[in-house]
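Data first, discussion second: the structure below is written as structure tokens.
The values are calculated or read from the model by the stated rules, or taken from the named source; none is laboratory data. Computed from a prediction, not measured in an experiment: that's the story for all the values here. All Cβ positions, even for glycine, are placed from backbone atoms using ideal geometry, and neighbour counts span all protein chains on display. Note: accessible area is taken over every heavy atom of the protein model, side chains too, but ligands, DNA and RNA are not part of it. Shrake-Rupley method; radii C 1.70, N 1.55, O 1.52, S 1.80 Å.
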Amino acid sequence: MVRHIVVTSVVDAITEDLREQVVNGELPPGSPLTELEISTRYEVARSSARAAIERLTSEKVLVRRNHKTARVVELGPDDVRDIYNTRIYLESEVLRRLAGLRRVPVSSRTANSEIAELWRGGSYQIVDPDMRFHTGLIDSVDSARTSAAYHSLAFEVKLCMAQLQGRQALSPQIIVAEHARILELIELGDADGAAAMLDEHLSRARELLVGSLGGTPGPEAEWPSSAAPGAPIREDAATALR
């Protein structure tokens with residue numbers, strides 16, 4: 001009996017390429033993707049195309065309602081708030097633990113340096129190093145389950161960041177400064193300060209993105225950055241995390 005199998009490496013390659021096209025905007029939100037289109041574009045069997053669509057749907061890169069054509073996910077203001085608030089809940093507790101240990105991940109420092117380098121070159125294409133800054137913090141607590149929970153959000157976070165990046169709503173210079181301040185507070189052992197700085201950092205991005213997607217941004221969008229060395233952490237941000 002002949003058994004037909006899907007070559008995993010081919011499906012992996014197609015899935016990764018389509019995922020990157022979504023993040024960089026080549027496949028805009030709402031774009032349809034069919035088995036025929038994918039199999040033709042990549043010159044692969046329909047079974048491989050089907051497997052790639054199923055995987056991307058399970059990762060929430062694509063959505064398919066009532067057995068209709070799969071489409072690139074469209075995130076609205078409510079989605080953005082939920083995604084970013086979940087990040088804040090997870091990351092703030094990780095920062096408290098890191099501050100207690102005074103452990104500053106080398107990978108996060110490296111990623112922030114990359115963002116600074118890109119900014120000096122006039123580039124807003126900082127999604128990957130920005131994401132690596134935050135995943136470096138999460139992964140440094142050496143908890144497989146915490147990392148898995150955070151990485152399950154990874155694509156949606158990258159998609160949010162890509163949409164914000166495309167509108168150039170937040171300067172990489174501010175991002176670099178706030179990242180550096182977070183690392184400084186961890187190194188000082190200031191758990192509350194690090195968590196509050198993170199809340200300010202992510203809340204501003206969240207509300208700017210909400211506004212760019214047609215929602216009504218909250219007051220956090222107008223918060224001035226308190227990331228300058230020695231600057232006090234915002235009282236309202238610190239209070240919110242206690």
Only residues in the range 201-218 that are free of Cβ contacts under 8 Å to residues at least 60 places away in the same chain and outside the structural domain of A177 (by TED's automatic domain parsing) count as the first member; pair them with residues that are open to solvent by less than 10 Å² (accessible area, probe 1.4 Å) and among the small types (G, A, S), Cβ under 8 angstrom, at least 6 apart or cross-chain, and list the lot.
G218/S203
Show the residue pairs meeting these rules: Cβ distance below 6 Å; 6+ apart or different chains; first residue within the range 110-129 and under 15 Å from I174 (Cβ atoms) and assigned by TED's automatic domain parsing to the domain that holds Q173; second residue open to solvent by 60 Å² or more (accessible area, probe 1.4 Å) and assigned to a loop (DSSP other than H, G, I, E, B).
Y124/Q168
When you scan the range 187-210, how many residues do you find that are in contact with a Gly (Cβ under 9 Å, 6 or more places away or on another chain) and assigned to a helix (DSSP H, G or I)?
6
Does any residue in the range 186-197 that is at pLDDT 95 or above come within less than 8 Å, Cβ to Cβ, of a residue that is among the aliphatic types (A, V, I, L, M) and open to solvent by 60 Å² or more (accessible area, probe 1.4 Å) six or more places away or on a different chain, and which pairs are these?
A196/A240
Please give the number of the condition V61 fails out of (1) surrounded by fewer than 16 Cβ atoms within 10 Å (Cβ to Cβ); (2) in contact (Cβ under 8 Å) with a residue 60 or more places away in the chain; (3) assigned by TED's automatic domain parsing to the domain that holds P28; (4) not polar (S, T, N, Q).
(1)
